[in-house]
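Structure first, then comments.
The values are calculated or read from the model by the stated rules, or taken from the named source; none is laboratory data. These figures come from a predicted structure and were not determined experimentally. A quick note on method: Cβ atoms are made from the backbone with ideal geometry, for glycine too, and the neighbour counts reach across all protein chains shown.
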Amino acid sequence: MSAVRVPRSPKVLIGAGLVAFFAVLTVVGPWLAPDNPNATNFTANLRPSSSHWLGTTALGQDIWSQLLVGARATMIVAIVAGVVATLLSMIIGVAAGYLGGKPDEGLSLLSNVFLAIPGLPLLIVIDSYLPAGGRSNSFVIGLIISLTGWAWGARVLRAQTMSLRNRDFVEAARIVGESRLRIMMFEIAPNLLPVLASSLLFTVLYSIGAYVTLAYVGLTSTAVWNWGTMLYWAQANNAPLANQWWWFVPPGVCIALIGTGLALMNFGIDEFINPRLRSAGLSGRIRRTSGLPRRPRLGFTPVARTATPRATWEAGSR
Amino acid sequence: MSERPTTSEATTLEDDTVLAIEDFCVDYGWGDAAVRAVNHVNLSVRRSRVLGVAGESGSGKSTLVYAATRLLRPPGVISGGHVSLTFDDPTSSDAKRRTVDLLAATPSELRAIRWSQVSIVLQSALNALNPVLRIGHEFDEVLSTHRPGMKKAQRRERAAELLSLVGLNADRLARFPHELSGGQRQRVMIALALALDPQLVIMDEPTTALDVVTQREIVNELAQLRARFGFSMIFITHDLSLLVELADDIAVMYAGNVVEWAPANDLYGAPRHPYTLGLLNSSPPLSGERRELVGIAGSPPDLSQPIAGCSFHDRCPFAFEKCSSQAPELRVLDDSGRKVACWLHDSPADVPVALRRRPRDATRVGAQTPSNAEGVV
Amino acid sequence: MLLRRLSLYLVTAWVAITVNFLLPRMMPGNPVQQLIGKLTGQVTVQQVRAIELAFGIGLHQNLWDQYIGYWHQLLVGNLGVSITLSTPVSSVLQSAVPWTIGLIGVSTILSFLVGTVTGTLLGWFRGSRLDSLIPVATFFQAVPYFFLGTVVLLVFGSNLHWFPVLGAYSQSVTPGWHWDFVFSLVRYGELPVITIVLSSVAGWMLGMRNMMITMIAEDFVLMAVAKGLPRRKVIMHAARNAVLPSVANLSLAIGLVVSGALLVELVFNYPGVGDLLLQAVLNEDYPLIQGIFLVITMTVLAANLLADVFYFVLDPRTRTEAAV
Ligand SMILES: Nc1ncnc2c1ncn2[C@@H]1O[C@H](COP(=O)(O)OP(=O)(O)OP(=O)(O)O)[C@@H](O)[C@H]1O
Ligand SMILES: [Mg+2]
């Protein structure tokens, strides 16, 4: 557990690359934008060209600039929501799993209730009551999203904590007389890192989806540029029906790519947590030289006569 | 007799041998990372006889039998040798005996042989039975796969009959595995293993997970069943005293090697390998005099490191220089046919007293008579 | 076990209802005035009354009495009156809910089946060329439902004309239980269903794959091979156990699918609750929003219970626990 060795499969590398790319875009995106995303001083409905890489909207705004600027709001909400939700799920999950008994029952009930209520409708209901100021505030939106997104992680973390609770090192800390809070924070939590990381990836993924959806439905401030509002405006102006793919496809693809990146990274964590999932295939060179099949087949142990026969066991018996 | 069949003997021996394992090597991993878990093993199982395989945990007993039946999971690889199974061919009308090279067999050939000729019982029956299927389903499935002619009612009848063989009521067929006790589950597995009258039944520590009383009951039942149906058996355990009651021959394994092979009573009464002696001293005696139990000092070697000389030399109380440089081979010791891989027996005069005892006479009845048709126990 | 789940759902239902009751009453300012201000033009007395009811204003009751009253109304099936449509919310919902249940039910079952079957094969034939499905499915999972819907609608509906789009059935057939209508229903349902299945299948697929890989390491699967069973049966032995966690998760996933599917309805103009919800949100028709939320939650809870019963049937171990 100490040496964190994340498996370096192509899947994980591609995922990490995608995530890193969008992380950089979050920071530098708005600076890279050639134009003000709100400026309406261009010809409307331009196709992509060298001056407007992704064309213009029906209002004559530069789509490329909107995409770059929108990255930041999208990612900030996702990160705020993801981090807050993961913290919530850690606190609730670890407490429930470690304390057991009555506190566990209460906390489990709480997370199960949140799991059972469909998230998006709840989000929409809460959001529809928000005053306009709240809707334009990325942090408020992020917090509300985290409220609907923590329960799954809490459940997983609770199960993991319960399996750790009776391990030797926890037992030892208990005997030494460390406080429960200390044990939870310094003995158990570090061992939950892989699960926490996986949970963070998923809540960020969920939050992007939820935020973009809220924006698309028109429940966030349309003054804040994010990929969801871009889709909202594209839809409102019938861009899909007019085949203006350069308007509505880029934000959608960006969302899909960052999501794919997160999910691919999670494969690495999965393999880290569950060693059985690690690839059992052979590298090409060994396979060629040994004559082993590429994919081991259950119940048909491969035969590769690589052992040197024992000299005294005279040849010729077969 | 597991003498290597020479061409002239082959015909006579073939009638007698069910499973022949020759110069068998099994590795875990491949290339530079390979670990030799079974090392040039020669063994044979004779018709209607029981071969006992004993050895400490990690000595390669399971690896040997799984690999021989091609059931070993990755990263296990068979890296050399031959395994052949001889059985009465059910498809030929004149009941001719047929020999199949298990290492060259195609998947469909293996499938046809599996369970109908070779069945296997694992250490933990809870894991071996599918937790979501009723016991009856397991029987039904095996019978319908291998006996397509059987009708559903016949299959059910057969399943009930098999259960009664192991002392279970037919109403267990409707139960799920978790509703049975450990002993009952293991009995179900044994009944299942006998479902198709196989030539050979492999038992990989079938009783280790059970309490001593149940263990004893099941071993007695097994002896009776075997006497009645005449199947051959490989019985794996680390409890030598259990084997003496059941086995005709015993092979003792250490670090992937067979270090001693002998008829059961000879081995039990008069071990010739220091490791066998150590094993005997660390298991409770069969009967009679109390004996102080002493474990073997040290622990089995790490197989991933190459071992110079005899694999047992660093734990052996009798080791001398040669043991740490040259690996002894399994060689016939005397005219009783027993074999041992130990340098001590090169110069008979120097053999320690503990390793030159004379075999006592039979401690049990029937086991050594050539025909096992008469009752046992 | 089933009883435990049932009580969980009852608690959840209570929480949802209470949240629904409290939210409008916690709003700052005077929402009634704001709303009436927004409803430019003539505001009928009915509308004002509907708003006041929704926000619990002008009742001159304390919160507790209002709460009791709220429950009374709910139990007799009164969800208030829609502000924009001026019709009872319950009757509005009555016509929309069956569409949503049908669409989501069919999609969820299909997605579960397709995902489970492909996941089984992916787990068993690990390392084969089938593995290239994984990144593809992962990508589709990451695409927001409504975006995928839009693209699919555009490419296969508007441009290629492979599927009819917009609405739930052709305008030229009259609704009823005859072949033309059912056929039209199926044809119009194809694209929305495909969209939802594509977006949600990866979860089932990957979960099943991982469980299969875990199961293959179990002894009973090796025993199935040792019994000489044909490969198909061996796979079934593993799959029969591997599917259990998927079924256990079914109840949790329904909520997620519903969330996405509502938006797919929107994209395809499907006459279900999704479209209604958007309209309600845009018009700030609070009674309608609340009614929809309640109905969705209750439906999801009922579906959860169904999924739990399914699990109960599949895993004999839970049954004995309950019996003992
Ligand atoms: N998957 C594996 N990879 C590498 N080495 C393995 C693997 N499985 C087993 N081994 C090694 O092979 C050796 C033989 O193992 P095996 O299971 O055959 O022992 P055994 O005699 O059956 O022991 P037991 O009495 O505990 O069942 C052991 O030293 C073990 O460490
Ligand atoms: Mg073993």
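Per-structure values
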item: Spans of helices (runs of 4 or more DSSP H) in the stretch C:254-323 with at least 3 residues surrounded by fewer than 20 Cβ atoms within 10 Å (Cβ to Cβ) and either of a type in the set (D, E, K, R) or at the interface with chain A (Cβ under 10 Å from one of its Cβ atoms) (or both); result: C:316-323
item: Among residues of the stretch B:18-35, those that are away from ligand 2 (no atom under 16 Å from the Cβ) and at pLDDT below 90, counted; result: 6
item: Failed item in (1) part of a loop (DSSP other than H, G, I, E, B); (2) at pLDDT 90 or above; (3) more than 8 Å from chain C (Cβ to nearest Cβ), with residue B:123 passing the rest; result: (2)
item: Condition broken by residue C:137, with the remaining ones in (1) more than 24 Å from the chain's Cα centre (by Cα); (2) under 19 Å from residue C:207 (Cα atoms) satisfied; result: (1)
item: Test: residue in the stretch B:269-276 that is within 22 Å of residue B:85 (Cβ to Cβ) and in contact (Cβ under 8 Å) with a residue 40 or more places away in the chain; result: no
item: Residue among B:216, B:175 that is buried (at least 16 other Cβ atoms within 10 Å of the Cβ) and either more than 22 Å from residue B:131 (Cβ to Cβ) or modelled with pLDDT of 90 or more (or both); result: B:175
item: Residues that are free of Cβ contacts under 8 Å to residues at least 60 places away in the same chain and either more than 13 Å from chain C (Cβ to nearest Cβ) or crowded, with 22+ Cβ neighbours inside 10 Å (or both), drawn from the stretch B:178-196; result: B:181, B:182, B:183, B:184, B:187, B:191
item: Answer residue from the stretch A:170-188, given it is buried (at least 18 other Cβ atoms within 10 Å of the Cβ) and in contact (Cβ under 8 Å) with a residue 24 or more places away in the chain and is nearest to residue A:160 (Cα to Cα) among those; result: A:188
item: Qualifying residues in the stretch B:238-258 (those that are touching a Ser or Thr at 6+ places or on another chain (Cβ under 7 Å) and part of a strand (DSSP E or B)) - the one nearest to ligand 2 (Cβ to nearest atom); result: B:253
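Every residue, every condition in (1) aromatic (Phe, Trp, Tyr); (2) more than 26 Å from residue B:226 (Cβ to Cβ); (3) assigned to a strand (DSSP E or B), yes or no:
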{"residue": "B:22", "(1), (2), (3)": "no, no, yes"}
{"residue": "B:32", "(1), (2), (3)": "no, yes, no"}
{"residue": "B:37", "(1), (2), (3)": "no, yes, yes"}
{"residue": "B:41", "(1), (2), (3)": "no, no, yes"}
{"residue": "B:59", "(1), (2), (3)": "no, no, no"}
{"residue": "B:65", "(1), (2), (3)": "no, no, no"}
{"residue": "B:87", "(1), (2), (3)": "yes, no, yes"}
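The rows are residues; the columns are (1) farther than 30 Å from residue B:181 by Cβ; (2) within 16 Å of ligand 1 (Cβ to nearest atom); (3) not β-branched (Val, Ile, Thr).
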{"residue": "B:50", "(1), (2), (3)": "no, no, no"}
{"residue": "B:68", "(1), (2), (3)": "yes, yes, yes"}
{"residue": "B:73", "(1), (2), (3)": "no, yes, yes"}
{"residue": "B:77", "(1), (2), (3)": "yes, yes, no"}
{"residue": "B:82", "(1), (2), (3)": "yes, no, yes"}
{"residue": "B:101", "(1), (2), (3)": "yes, no, yes"}
{"residue": "B:104", "(1), (2), (3)": "yes, no, yes"}
{"residue": "B:108", "(1), (2), (3)": "yes, no, yes"}
{"residue": "B:125", "(1), (2), (3)": "no, yes, yes"}
